[in-house]
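**Q** Here it is: the structure, laid out below.
The values are calculated or read from the model by the stated rules, or taken from the named source; none is laboratory data. Fair warning: this is a prediction, and the values are worked out from it, not measured in the lab. Cβ coordinates were reconstructed from backbone atoms using ideal geometry, including for glycine residues, and neighbour counts include every protein chain displayed.
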Amino acid sequence: MQRRTFGKTGLEVSILGFGGAPVGFLETEQREVAAILNNLLDQGVNLIDTAAGYSGSEQMIGKTIGHRREDYILVSKCGREMDGIEGAAWSEANVLNTLDQALARLQTDYLDVMLLHSCDLDTLKGGEAVGALVKARDAGKIRFLGYAGDNEAAAYAAGLDDVAVIETSISICDQANIGGVLALCQQNNVGVLSKRSIANAAWKGASNQQGMYVNYAENYAQRLAAMGVMPEDLGFSGADDWPEIALRFTLFQTGLSCAIVGTTKAGNVAANLAAAAKGPLPDDAVATLRSAFLRAEKASGEQWLGLQ
């Protein structure tokens, strides 16, 4: 598995990472999660991403691979108000209490990265939430801090001295952050994780999505339809090639450290690893996807911002 330097953290991260949302929200059986995660680690994937808000995810990861803690870079997210956490959203108390909960659930005494989970720009500028993570870093509970979100807020966060990592939306259907956030992160040596890296399988349509993914899937499906691109236009044979196309498009964007993909199916793991091994899409295929996005966005009369 190819690795890249994770911005100013100096860590070496696999270009493909595991997103922990589905293993919690979809109530996957523990033995299935254990098989998937251990296989990924064995194949060289070394970044695991989760969040306090992904119901059951932190606990599942801790139970299944907590004993292999030295084998992976662990990322979680905090700051939102939720049951069992004292403190208002984005307050110091909330951030620090959520972190302590995460450490217990993930069966570790430190996180490699803790991200603020999509707070707005005014909250970032207020400084309390970022300051809480700085305090946690200085106490040794986290190694690095950052922000998970999009657009103007992500661009602002990327310019903060203490921010080492940004997680933002980048996919065939979510390209706004490529020219803005991703480029700025590269300039500031900030590590970048892409979320929803395969656009929630937009080619399947929203009717095949579950739970938390439906709203994203609907939006992405509409965008992909408006783009009017088919795999054959990109030098591929048909609809079965969409997962590979989508993943390779995101994986090899200039400045990206790691593309996060969540799955609960072992077959998808094998396919994702195989796609990553093929390297970037041909330049003309990337250019076609980029121009189709811009053309469809202009025709819509609306700005297609990154989805929070």
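**Q** Which one of these is within 22 Å of Lys63 (Cβ to Cβ), out of contact with any strand residue (DSSP E or B) (no Cβ under 6 Å at 6 or more places or on another chain), free of Cβ contacts under 8 Å to residues at least 60 places away in the same chain and crowded, with 23+ Cβ neighbours inside 10 Å: Leu106, Leu111?
**A** Step by step, each of Leu106, Leu111 is checked, and only Leu106 is within 22 Å of Lys63 (Cβ to Cβ), out of contact with any strand residue (DSSP E or B) (no Cβ under 6 Å at 6 or more places or on another chain), free of Cβ contacts under 8 Å to residues at least 60 places away in the same chain and crowded, with 23+ Cβ neighbours inside 10 Å.
**Q** Could you list, in sequence order, all residues of segment 114-131 that are of a type in the set (A, V, I, L, M) and under 23 Å from Glu58 (Cβ atoms)?
**A** Met114, Leu115, Leu116, Ala129, Val130
**Q** Another question, if that's okay. Checking Ala285 against (1) under 19 Å from the mean Cα position of the chain (by Cα); (2) surrounded by 15 or more Cβ atoms within 10 Å (Cβ to Cβ): exactly one of these is not met. Which one?
**A** Condition not satisfied by Ala285: (1).
**Q** How many residues, within segment 15-63, are buried (at least 19 other Cβ atoms within 10 Å of the Cβ), within 21 Å of Leu116 (Cβ to Cβ) and of a type outside the set (A, V, I, L, M, F, W, C)?
**A** Residues flagged as buried (at least 19 other Cβ atoms within 10 Å of the Cβ), within 21 Å of Leu116 (Cβ to Cβ) and of a type outside the set (A, V, I, L, M, F, W, C) within segment 15-63 amount to 10.
**Q** Starting from segment 217-235, take each residue that is farther than 14 Å from Phe249 by Cβ and list its partners that are of a type in the set (Ser, Thr, Tyr) and at pLDDT 95 or above, counting only C-beta distances under 8 angstrom and pairs at least six apart or across chains.
**A** Ala226/Ser300
**Q** Do we find that Leu133 is over 21 Å from Gly19 (Cα atoms), buried (at least 24 other Cβ atoms within 10 Å of the Cβ) and more than 15 Å from the chain's Cα centre (by Cα) in this structure?
**A** yes
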